[in-house]
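Below is one structure, written out as structure tokens; the observations come after it.
The values are calculated or read from the model by the stated rules, or taken from the named source; none is laboratory data. Note that the structure is predicted; figures quoted are calculated from it, not measured. We place every Cβ from the backbone using ideal geometry, glycine too, and count neighbours over all the protein chains shown. Accessible surface is based on the protein model in full, side chains and every heavy atom, while ligands, DNA and RNA are left aside. Shrake-Rupley method; radii C 1.70, N 1.55, O 1.52, S 1.80 Å.
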Amino acid sequence: MLVKEEKKRIILGDGHMEYGSVYRGILELMGRFGYVSMDEVVYGYELSEQEARDRLKYLVRQGLIEPFSSLASPQYFYCLTNEGMFALRSYGISDEIHGFNPDSYRPYHQKHDRTLVRIFCTLKKALGSDFQGWLSERSIRKGESQKLILEAYREKRVLDGLFQMRVHKKKFTQDSQGELVFQSSAVESWWCGLELELSIKSKVRYRKQFKALSECVYDRVNETQKIPLMLFFCGSSTIQDMLIKYQQEQGESFGKCIFIFCQVDRFLKEHEKAVMVQCMGAKRREIVWEEINHIRTKVVS
């Protein structure tokens, strides 16, 4: 028993071994999202298939995770054991720890679930030090978030996730020649909403979705912006165009919320160079990911 506990300390204690961050990261993904496959481990930590397979096998041998049949490809998915959940808490690896019972696994949802895992990994890489936190759908449903976020989610609409990032804002004024002159800069911390849309819905569903979403992001009675930015990842260009269309139909209902739409495959492949569509009210323009948290505003004198 002492030998086993020492091995856990070595692989999970921060800075103790070369692959320690990978082991901790794998457990964190399971704590946040319930389960992962070898493919997400390969993608998230830039490993070969053999390296990912070895890392997972080692965690299984240590009793921290267990495999279960995926009924898909790859053949097996992995989730935390009770011992693994205890280790997450003991070593402070994740601020989200959700148990997962393989008996509750639904194959129909696996693509959506696993894509969210990849989005989380890519957000951390693309934002770097500006990435500050994440709350999964289960945390939002359970109310394990800050009071401000709880107030934003008392409505029926529950998002696929919330992520916190540092936003760099620059203000400009216009001189007598019409040129923009830098005035000041500030850094703010924003909790932003995230949705993953992989399938096409009906017109009725889209309209209901955005009506419910408007209540989440903006309090019209008190004129309070509860969510300043919404990020939609789309399964295709067709889905992206439809989402933009129905969001624009109700554009005035969202206050000053910034909407970002991006094809998920492009984001996962191109990271900070992925092209996205930004909608602010009726204004619409293309940006690349690295611009998402750099905002320029013009101050009217």
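Data overview
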item	result
Region 173-274: GluC sites (Glu not before Pro) in DSSP coil with no more than 12 other Cβ atoms inside 10 Å	179, 223
Links that overshoot a 21 Å alpha carbon limit, given the list 125/269; 226/256; 57/269; 170/283; 256/283	57/269
Radius 10 Å from Cβ of residue 165, net charge of other residues (Lys, Arg +1; Asp, Glu -1)	-1
Electrostatic dipole magnitude of the chain [Cβ: Lys, Arg +1; Asp, Glu -1; Cα centre; debye, to 20]	720
Hz values of 3J(HN,Hα) by residue in region 202-216 - Karplus curve (6.51, -1.76, 1.60), Gly and Pro given as x	6, 4, 4, 5, 4, 5, 5, 4, 6, 5, 5, 5, 4, 6, 6
Neighbourhood net charge (12 Å Cβ-Cβ; Lys/Arg +1, Asp/Glu -1) for residue 255	-1
Amide H contacts of residue 133 (H built 1.01 Å from N, under 5 Å, at least 5 apart or other chain)	164
Residue 199 accessible area, assembled protein chains, probe 1.4 Å, Å²	60
Heavy atoms of residue 80 accessible to a 1.4 Å probe, total area in Å² rounded to 10	10
Residue-span extension gain [residue 250 to residue 174] - 0.36 nm each, minus C-alpha spacing	24.3 nm
Cα gyration tensor of the chain - equivalent ellipsoid semi-axes, whole Å, descending	37, 22, 18
Per-pair calculated FRET efficiency, R0 = 45 Å: residue 238 and residue 60 via Cβ, rounded to 0.05	0.65
Accessible area in the full protein assembly, largest first, 1.4 Å probe, for 191, 289	191, 289
Phi to ³J(HN,Hα) by Karplus 6.51 cos²θ - 1.76 cosθ + 1.60 over region 74-91, Hz, x for Gly, Pro	x, 5, 10, 10, 10, 9, 6, 8, 4, 5, x, 5, 5, 5, 4, 5, 4, 9
In order through region 221-233: 3J(HN,Hα) via Karplus (6.51 cos²θ - 1.76 cosθ + 1.60), integer Hz, x for Gly, Pro	5, 9, 6, 10, 8, 7, 10, x, 8, 10, 10, 10, 9
Theoretical FRET efficiency, 1/(1+(r/R0)^6), r = Cβ-Cβ of residue 72 and residue 182, R0 45 Å, to 0.05	0.30
Residues with amide H under 5 Å from that of residue 36, placed H, sequence gap 5 or more	78
Local net charge near residue 289, Cβ-Cβ under 11 Å (Lys/Arg +1, Asp/Glu -1)	-1
Unit charges at the beta carbon, dipole of region 188-301: most positive-side option, 224, 206, 237	206
Fraction of beta bridges assigned by DSSP in the chain that are antiparallel (%, nearest 5)	70
